[in-house]
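Asks: My questions will all concern the structure given below.
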Amino acid sequence: MIINFLSIQMPELKKECYGFQQYGPEWEQTLPVVPQIQVTRSCNCNCDYCFQKHSGGIIELSTVRSILHQVINHNLRVDPKNRCIQFYWHGGEPLLAGVDFFHEIIRLEKQYPELSFENRIQTNGTLMSDEFALFFSKNRFHLGFSLDGPRDIHNLHRRFQLSGRGSFDDAMKGIERYRFHSGQERIAVIAVVTREAAGKAREIFNFFKMLRAEVQLDIYDLRPQDLLQPVLHFSRPCEPAPSSKEVGQFLKDLFDLWFYDQEARVDFKELRQELKMILQPEIDLGDPFHKKRCDFRRLIFAPDGLAFSCDQWLNDDKTALGNILTDSMESILKRKSLLWEKIKRTLRISTQIMGCGACEWGRQCVGGCMTCMKYNALLLKSRSEGLPDSCWAKERLPDGWSEIKGETYYCDGLRVFRRHVKEAVRRELADAE
């Protein structure tokens with residue numbers, strides 16, 4: 001496997017990364033923006049681990065027009081040579097907007113003929129019609145499907161809003177409908193790994209191999225509402241969350257199935273990234289990111305135009321950085337930069353609080369979500385004492401939260417897994433000599 005990986009897959013792993021140390025307090029304003037637009041907060045499913053409240057209508061096209069205009073102007077100002085603009089369309093369930101909505105999006109983008117647009121959309125797939133599939137194929141949308149694995153695993157948590165029925169069969173019909181019309185062989189999937197899934201690495205591997213999927217694993221994260229629980233047991237913080245030991249074993253089992261598989265019909269983004277860490281130890285991402293898929297260029301827009309640093313904050317309008325309908329992009333980004341600098345100084349500088357600096361993987365790992373979660377914990381604690389949000393940094397972390405020294409509560413399991421990967425690579429390289 002290792003020789004094939006080095007000769008074929010390694011070039012695909014090159015990725016531009018933005019480390020904290022490269023920028024001053026207003027570094028956000030020097031980067032292009034990659035907007036994630038929440039088409040709607042509503043959803044036809046009611047996944048029991050979802051962190052969003054499902055209510056409200058579809059984003060107005062006038063709001064989309066304002067986002068497009070400001071993003072394009074900002075990006076061309078900071079990087080005039082880059083003529084490609086990325087947009088991520090999320091929800092809720094974005095397909096609730098209907099195919100005519102996305103026709104209008106294309107019309108808006110065609111008003112900028114000098115630019116090219118890369119549209120990416122994340123969907124549960126259950127509303128994928130022939131019309132949608134043809135439209136997305138014709139207009140070259142990149143689709144990602146939310147699918148946790150085979151029927152018994154997927155249906156545990158992903159059920160329809162009204163009937164409570166599992167959504168697996170409808171999601172699979174949508175995927176196959178899209179594959180038929182698009183001709184796409186490889187299907188992009190985001191799979192949430194919960195406690196129940198963690199013990200079924202082989203079933204998950206075989207299912208996604210059958211599907212010929214490119215999988216992004218999303219190990220269950222604590223949600224902001226989990227912070228409200230009076231007592232958290234960090235060996236298993238809440239019911240859907242696996243323990244750190246279970247995560248380590250799951251990733252080891254899944255890695256072995258993938259690494260030694262000769263057919264290469266399934267790919268796991270995180271496993272390839274782990275190999276990259278071992279094969280290219282000179283890579284240094286700087287101060288670890290606060291969440292693996294959080295790019296500092298990312299800005300989240302709610303349907304009402306409010307802008308957020310993180311989609312985990314969408315339920316809390318007080319954490320908005322501004323509104324694209326009334327505020328300039330520069331003012332929104334300045335607030336984002338100042339907020340992140342304060343979070344970083346408060347939560348990240350001391351290894352006694354985060355501990356990433358003392359970890360052998362700290363400058364390559366890019367971490368989990370603890371910075372965001374600890375910020376939320378301090379914010380909620382401040383509010384519970386009747387203090388304004390601006391006083392969050394003066395609070396002490398609630399009991400238990402300070403015990404987590406890494407950037408995720410799965411750090412111990414991840415270290416076990418990474419030692420396993422390192423040993424597998426060592427053996428393969430030795431055998432190849």
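Asks: Binning at 5 angstrom from zero up to the longest distance, how are the C-alpha pair distances of the stretch 327-433 distributed in percent?
Replies: 2, 11, 17, 18, 15, 12, 9, 7, 4, 3, 2, 1, 0, 0
Asks: Give me, ordered by chain and number, the residues 5 or more places off Ala188 or on other chains with an amide H under 5 Å from its own placed amide H.
Replies: Phe145, Glu214
Asks: Just order 249-255, 415-421, 379-385 by mean Cβ neighbour count inside 10 Å, highest at the front, would you?
Replies: Working: 249-255: 21.7, 415-421: 18.1, 379-385: 16.0.
Packing proxy ranking, top to bottom: 249-255, 415-421, 379-385.
Asks: Using θ = phi - 60° and the Karplus curve 6.51 cos²θ - 1.76 cosθ + 1.60, what whole-Hz ³J(HN,Hα) does each residue of the stretch 418-433 get, with Gly and Pro shown as x?
Replies: 5, 5, 5, 4, 4, 5, 4, 5, 4, 5, 5, 5, 5, 5, 7, 6
Asks: Could you compute how fast the stretch 390-433 diffuses translationally, taking Rh as the Kirkwood radius over C-alpha pairs and applying Stokes-Einstein at 10 °C with viscosity 1.306 mPa s? Give it in µm² per second.
Replies: Working: Rh = 13.7 Å.
My calculation gives 116 µm²/s for D.
Asks: Something else about it: In Å and whole numbers, how far do the C-alpha atoms of the stretch 33-87 stretch along each principal axis, longest first?
Replies: 44, 24, 13
Asks: So what's the back-of-envelope 222 nm ellipticity for the chain, counting only DSSP H runs of four-plus at -39500 (n - 2.57) apiece and dividing by all residues, rounded to 500? Intermediate values should be presented prior to the final figure.
Replies: Working: 13 runs with 162 residues, N = 433.
Mean residue ellipticity at 222 nm (helix-derived): -11500 deg cm²/dmol.
Asks: Here is a follow-up. Using a probe of 1.4 angstrom, how much of the accessible area of the chain is carbon and sulfur, in percent?
Replies: Here it works out to 50 percent.
Asks: Hey, another quick one. Enter the accessible area of Lys342 (Å², nearest 10), with the probe set to 1.4 Å and all protein chains included.
Replies: Accessible area, nearest 10 Å²: 80 Å².
Asks: Still on this structure, please answer the following. Lys381: which lysines have alpha carbons under 30 Å from its alpha carbon, excluding same-chain residues fewer than 8 sequence positions away?
Replies: Output for Lys381: Lys53, Lys245, Lys291, Lys292, Lys318, Lys334, Lys336, Lys342, Lys344, Lys394, Lys405.
Asks: Still on this structure, I have one more. Given labels modelled 7 Å from the Cα in the Cβ direction, how far is it in nm from Ser55 to Glu176?
Replies: Going by the 7 Å Cα→Cβ label model, 3.8 nm.
Asks: Between Ala241, Gly386, Phe160, whose Cα lies farthest towards the positive end of the dipole of the chain when Lys and Arg beta carbons carry +1 and Asp and Glu beta carbons carry -1, centred on the Cα centre?
Replies: It is Gly386, whose Cα lies furthest towards the positive end.
Asks: Now for a different question. For Arg65 and Arg265 in the same chain, what is the full-extension length gain: residue separation times 0.36 nm, less their Cα-Cα distance, in nm? All intermediate terms of the calculation are to be shown ahead of the outcome.
Replies: Details: separation 200, 0.36 × 200 = 72.00 nm, distance 4.01 nm.
Fully extending the segment from Arg65 to Arg265 adds 68.0 nm.
Asks: Kirkwood hydrodynamic radius, the chain, all distinct C-alpha pairs: what's the number in Å? Could the numbers behind the result be given before it?
Replies: Working: mean 1/r = 0.0438 Å⁻¹.
Computed over Cα pairs of the chain, the Kirkwood hydrodynamic radius comes out at 22.9 Å.
Asks: Given H placed on each backbone N at 1.01 Å, which residues far from Ile219 in sequence or on other chains put an amide H within less than 5 Å of it?
Replies: Val193
Asks: Still on this model: Once you put a point 7 Å from the Cα of Glu114 and another 7 Å from the Cα of Arg83, both along the Cβ direction, what distance in nm separates them?
Replies: Going by the 7 Å Cα→Cβ label model, 0.9 nm.
Asks: Next up: With +1 on the Cβ of every Lys and Arg and -1 on the Cβ of every Asp and Glu, and nothing else charged, how large is the dipole of the chain about its Cα centre, in debye rounded to the nearest 20? Don't skip to the answer; put the middle values down first.
Replies: Working: 60 positive and 59 negative charges, 87 e Å.
With Lys and Arg at +1 and Asp and Glu at -1, about 420 debye.
Asks: To continue, here is another question. Using a simple spin-label model with points 7 Å from Cα along the Cα→Cβ vector, what separation in nm is obtained for Lys342 and Leu279?
Replies: Each label point lies 7 Å from its Cα, and together they span 4.4 nm.
Asks: Another one. Convex hull volume of the Cα atoms in the stretch 43-201, per residue, in Å³? Mind showing how you got there, number by number?
Replies: Working: hull volume 22.8 nm³, N = 159.
Considering the Cα atoms of the stretch 43-201, their hull volume per residue is 144 Å³.
Asks: To continue, here is another question. Residues with amide H under 5 Å of Glu118's amide H, sequence separation 5 or more or different chain, H placed in the peptide plane at 1.01 Å from N; which?
Replies: For Glu118, the qualifying residues are Ile85, Gln86, Phe87.
The values are calculated or read from the model by the stated rules, or taken from the named source; none is laboratory data. Quantities reported herein were computed from a predicted structural model and do not represent experimental measurements. Positions of Cβ are backbone-derived with ideal geometry, glycine not excepted, and every protein chain shown enters the neighbour counts. For the accessible areas, the whole protein counts, side chains as well, though only heavy atoms, and no ligand, DNA or RNA atoms are used. Shrake-Rupley method; radii C 1.70, N 1.55, O 1.52, S 1.80 Å.
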